[in-house]
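Take a look at the structure below.
The values are calculated or read from the model by the stated rules, or taken from the named source; none is laboratory data. Here the structure is a predicted model, which is why all the values come from computation and not from measurement. Glycine gets a Cβ as well: all are built from the backbone with ideal geometry, and neighbour counts include every protein chain shown.
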Amino acid sequence: MDAHVHLHEDPSMLTEGITVVAVSDDLDSSERTLELDAIKCIGIHPWSVPQSSEGELKRIGNMAESADCLGEVGLDYRFVGSREKQRTFFEYFLDIAREYDLPLNLHALDAWRDVFDLLLRHDIRRAYFHWYNGPLDLIEEIVGQGYFIGINAAIKIQRKHLRVLERTPLSRLITESDGPYNYRGLRLSPSLIPELTVKVAEVKGVSVESVVSVVRSNLHAWLGSKWL
Ligand SMILES: [Zn+2]
């Protein structure tokens, strides 16, 4: 299972045997994602918010009925200014999530707590924190709400992410690559998921088969009954 891939950037990343959730960055990529053979998320990435218009936002909203989920959406306090515009756009997606009962594929870099609080305020039921690297004590609150934590394949070179894996119960985590993003020289892609699954099994002290089966049911719980 790969819960977060920018598949529109390189559809050849599809790997046999790996279920892929495709995310979008803006209007153009949302349109392209809807044509892909994957689970489809549409939205405006926080990094694309400064260059996107309200008109483009509304056009994505009008495409919601054809989508399986919303993402990559959220807030980023590290790399993007214009916090007010980011928040306006994110709250628009939270309203759409409620209206169409769509799950969220979230980006919350250095905005972990604010994103979590907004989910509660908007009464969001199904959410996934992509590549979680927020405060360790927030994990308990996130999983307590029934939301899911993303464990990324970059764990093999990002030590602090290992702490996240240790703190997150297997029943609340989903694996992902964020391909084709390049993290410190590591080209992320769904092909890294088997290796990541072995790592999760090692840290949790269970078999690879049980990781695969639990993560599959987590993915289904997050995305909804349609995928059961
Ligand atoms: Zn991403």
Legend entry - Meets criteria (more than 25 Å from R126 (Cβ to Cβ), out of contact with any Phe, Trp or Tyr (no Cβ under 8 Å at 6 or more places or on another chain) and crowded, with 21+ Cβ neighbours inside 10 Å) for L196: no
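Which residues, counting only those in the range 163-189, are part of a loop (DSSP other than H, G, I, E, B), surrounded by 15 or more Cβ atoms within 10 Å (Cβ to Cβ) and out of contact with any Leu (no Cβ under 6 Å at 6 or more places or on another chain)?
Residues satisfying the conditions are T168, P180, L188, S189.
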Legend entry - Restricting the range 62-77 to residues that are in a helix (DSSP H, G or I) and under 20 Å from G224 (Cα atoms), the residue that is farthest from the ligand (Cβ to nearest atom): E65
Legend entry - Condition met for I149 (in a strand (DSSP E or B) and among the hydrophobic types (A, V, I, L, M, F, W, C)): yes
Inset, instruction - Scan the range 1-55 residue by residue and report those that are in contact (Cβ under 8 Å) with a residue 60 or more places away in the chain, over 15 Å from L70 (Cα atoms) and more than 11 Å from the ligand (Cβ to nearest atom). - result: M1, D2, D10, M13, L14, T15, I18, T19
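Across the range 82-111, what is the number of residues that are assigned to a loop (DSSP other than H, G, I, E, B) and away from the ligand (no atom under 16 Å from the Cβ)?
Of the residues in the range 82-111, 3 are assigned to a loop (DSSP other than H, G, I, E, B) and away from the ligand (no atom under 16 Å from the Cβ).
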Inset, instruction - Test D137 against the stated conditions and say whether it is in a loop (DSSP other than H, G, I, E, B) and either within 16 Å of the chain's Cα centre (by Cα) or exposed (fewer than 14 other Cβ atoms within 10 Å of the Cβ) (or both). - result: no
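Residue-wise test of (1) at pLDDT 95 or above; (2) outside any strand (DSSP E or B); (3) within 19 Å of L106 (Cβ to Cβ); (4) of a type in the set (G, A, S).
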| site | (1), (2), (3), (4) |
| --- | --- |
| I155 | yes, yes, yes, no |
| S191 | yes, yes, no, yes |
| L196 | yes, yes, no, no |
| E202 | yes, yes, no, no |
| V206 | yes, yes, no, no |
| N218 | yes, yes, yes, no |
Legend entry - Of residues in the range 125-139 being in contact with a helix residue (DSSP H, G or I) (Cβ under 8 Å, 6 or more places away or on another chain) and more than 16 Å from the ligand (Cβ to nearest atom), the one nearest to N218 (Cα to Cα): R126
